[in-house]
Amino acid sequence: MAKNTLYNKIWDAHAVAMLPTGQTQLFIGLHLVHEVTSPQAFDMLRERGLKVAYPDRTFATMDHIVPTKSQKRPFTDSEAELMMQAIERNTKAFGVNFFDFASGKQGVVHIIGPELGLTQPGMTIACGDSHTSTHGAFGTLAFGIGTSQVRDVLASQCLCMDPMKVRKVEINGKLNAGVTPKDVSLYIIGKLGVKGGIGYAYEYSGDVFRDMTMEGRMTVCNMAIEGGARAGYCNPDETTFAYLKGREHAPKGSDWEVAVGRWKALASDADAQYDDVIRFNAADIEPMITWGVTPGQSVGVLESLPDPEKIADEGEKQSVLLAYRHMKLKPGQKPSDIAINVAFIGSCTNGRIEDLRAAASIARAATELGQKVDPRVQAFVVPGSMQVRKAAMEEGLDKVFLAAGFEWREAGCSMCLAMNPDQLKGDQISASSSNRNFIGRQGSPTGRTLLMSPAMVAAAAIAGHVTDVRQYTSVTTGAAQ
Amino acid sequence: MSRVTTITGRAVPVVGDDIDTDRIIPARYLKEITFSRMGEYPFYDERFAPDGTKKDHPFNRAEYQGAAILLGNVNFGCGSSREHAPQALVRWGIKAVVAESFAEIFAGNCVMLGTPAVVASKEDLSALQKLAIEHPGTEFVVNLDKMEIHAGHGAGQTMVVKVSMPPSRRNALVNGTWDSTALLVANSALVAAKAAQLPHPNGRQA
């Protein structure tokens, strides 16, 4: 059993009581709320005559359903408009903090928590969204919950929880040029499988994560859930503190010194024990793409698609055969043979400023070479939040994208899950910087998704097919500061 | 709250690994602000062509209408945390899910609805699925007291399969405490004491 890890320290500090079921009543320091998984939970509170127990620890925004072309109200989609009205009504009635368009702070919930400084080391964080694992980048225990659990957190600021196991995923060495945190994520999931992390929290450790920026760490922790791990985290360090200092909700004045002292003590001890330890070498990781229908079905951009006949496990083989049928691809094909119709840059995985800079650097390099987005490709960039959008425009990134033939949109989840007008049509194939390539994920039952880094998406948009991003020299990876 | 100890009914096999919650319920149905219609949507895009014509799927076949037990495989319910997925299954009529393994959030969501999500071995699930495919009228019994599934077609042919689930979740179901809000709210004084010890998201250090 894990001992003296950051996970253990946070768990112990937040355990309220042992429940009659044998579960732990765990206090949730920060509850993030969005429009899709909360309306039923607020209704359940009404039915039971309960109020929100800690509205000062509850922060809401809207991201999944918002259109990204025009956010003028009322929305054209009447269902989306009703959902917007529900979150507005519920946050007002229950006194919950709400970051709407007027606040200038709206955005994807996992992007605004960190950028506002709400996400702080040592916290437990829950949200009705599986990518809550993102916040683990700050040395938090953060995980997704369902709507009935959202009700529990609203009503009590607590959850009934069973302890997790802890696996240390250690990667040492230096990443190759052009290899980004997204590639590291896809590599880990490819090696350990989409179910490899069930029951675990992942502690990301070693040179690669130590050298990674906070935004890179967020990308990796975001994708923990795609490998089956409900939570993933990095130990907090000077990079973490530097990111947080001065942010709106971060501790100020004497509280800052107290907080940093506290945060330093949180990191897993040198003699910490883990339920499992796995090590990889940074040098083995290449730019990756997924070719199938789970985030584990991936290859390096220069490899060939796998031969199903070489897969021993029958269940896995059937999954791969299903993937080939859906994707209309063939074993042995090269990724660079796959033409794309749509290029999507954004999402809670890769919709932050460094992601946009990385993609813009490809767009800029292409423009300098006289190239633009392939005319057969619809390419669009969706900043993760209003603040990311503003920062990008201050740097002129919008102009770089527009000049290269990308559309420049408003903040939201967009085509990551296609609960809004941004959807694939028919069997269109997208290069996407998001997190899931599940069948139907991007809005069309026959639509096809290739996951990759934002820089790789930008390169694919210009080439019109998957291509190795390393042909462009000025790649900023987010992996090195 | 009701105790959940025994689930009896026919079983519907949904064969395949890594069946994600987007496949169980496509995101467009998450635009509804109540769960009331979710029972119309499970596996929608696998059951219906875009023009509405029915496709071949276990949830469409006549012999599985009214089934109470879903038989899945590896990593069932992976992906999105959407409770709409178990809501859709439960409102369609599913009262227990059996699989080789479950995604954590999905399994947790099931227990919140009073629906057992129990694990059986690969071999046992193959045998149970085979039984449900060859003899769809077979009655299955999921017994949480014994942590067994009993199923049989014909006299003297009863199969008995061992199943497991985290003990705390089993306790919550068999003792009728799976709706956890009341348990948590009852400790509000302890919660207030804990909150006072911990830093606040506004930066205040306790």
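Every number in this text was worked out from the coordinates using simple rules, so none of it is lab data. All values derive from a computational prediction rather than experimental measurement. Virtual Cβ from ideal backbone geometry, glycine too; neighbours counted across all protein chains shown.
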Selection within segment B:50-83 - under 25 Å from B:Asn143 (Cα atoms) and in a loop (DSSP other than H, G, I, E, B): B:Pro58, B:Phe59, B:Gln65, B:Gly66, B:Ala67, B:Ala68, B:Gly72, B:Asn73, B:Val74, B:Asn75, B:Gly77, B:Glu83
Output for segment A:115-135, where each listed residue is away from chain B (no Cβ under 11 Å) and under 12 Å from the mean Cα position of the chain (by Cα): A:Thr134, A:His135
Pairs where the first residue, in segment B:8-20, is in contact (Cβ under 8 Å) with a residue 40 or more places away in the chain and the second is of a type in the set (Val, Ile, Thr), C-beta under 6 Å, 6+ apart: B:Thr8/B:Val141; B:Gly9/B:Ile69; B:Ala11/B:Ile69; B:Pro13/B:Ile133; B:Asp17/B:Val74; B:Asp18/A:Val194; B:Asp18/A:Thr294
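Here is a yes/no grid of residues against (1) more than 23 Å from B:Thr8 (Cα to Cα); (2) crowded, with 20+ Cβ neighbours inside 10 Å; (3) at the interface with another protein chain (Cβ under 9 Å from one of its Cβ atoms); (4) of a type outside the set (Phe, Trp, Tyr):
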| site | (1), (2), (3), (4) |
| --- | --- |
| B:Tyr44 | yes, no, yes, no |
| B:Asp56 | yes, no, no, yes |
| B:Asn60 | no, no, no, yes |
| B:Gln65 | no, no, no, yes |
| B:Leu71 | no, yes, no, yes |
| B:Gly79 | yes, yes, yes, yes |
| B:His84 | yes, yes, yes, yes |
Wholly enclosed helices (runs of 4 or more DSSP H) of segment A:304-417 bearing at least 2 residues more than 25 Å from the chain's Cα centre (by Cα): A:314-327, A:353-368, A:397-404
Residues of segment B:1-44 classified as among the charged types (D, E, K, R), in contact with a Ser or Thr (Cβ under 7 Å, 6 or more places away or on another chain) and not in a loop (DSSP other than H, G, I, E, B), total: 1
Segment A:47-106: number of residues that are crowded, with 22+ Cβ neighbours inside 10 Å, facing chain B (nearest Cβ under 10 Å) and of a type in the set (D, E, K, R): 1
Meets criteria (hydrophobic (A, V, I, L, M, F, W, C) and out of contact with any Lys or Arg (no Cβ under 9 Å at 6 or more places or on another chain)) for A:Ala460: yes
Any pair with Cβ under 7 angstrom, 6 or more apart, that starts in segment B:22-36 at a residue that is under 26 Å from A:Thr294 (Cα atoms) and ends at one that is among the polar types (S, T, N, Q): B:Asp22/B:Ser80
Segment B:133-145 residues that are closer than 11 Å to B:Glu63 by Cα, paired with ones that are among the hydroxyl-bearing types (Ser, Thr, Tyr) and surrounded by 15 or more Cβ atoms within 10 Å (Cβ to Cβ) (beta carbon under 7 Å, 6 or more apart): B:Pro136/B:Tyr64
Where A:Met161 falls short, out of the listed (1) within 10 Å of chain B (Cβ to nearest Cβ); (2) crowded, with 24+ Cβ neighbours inside 10 Å; (3) more than 18 Å from the chain's Cα centre (by Cα): (2)
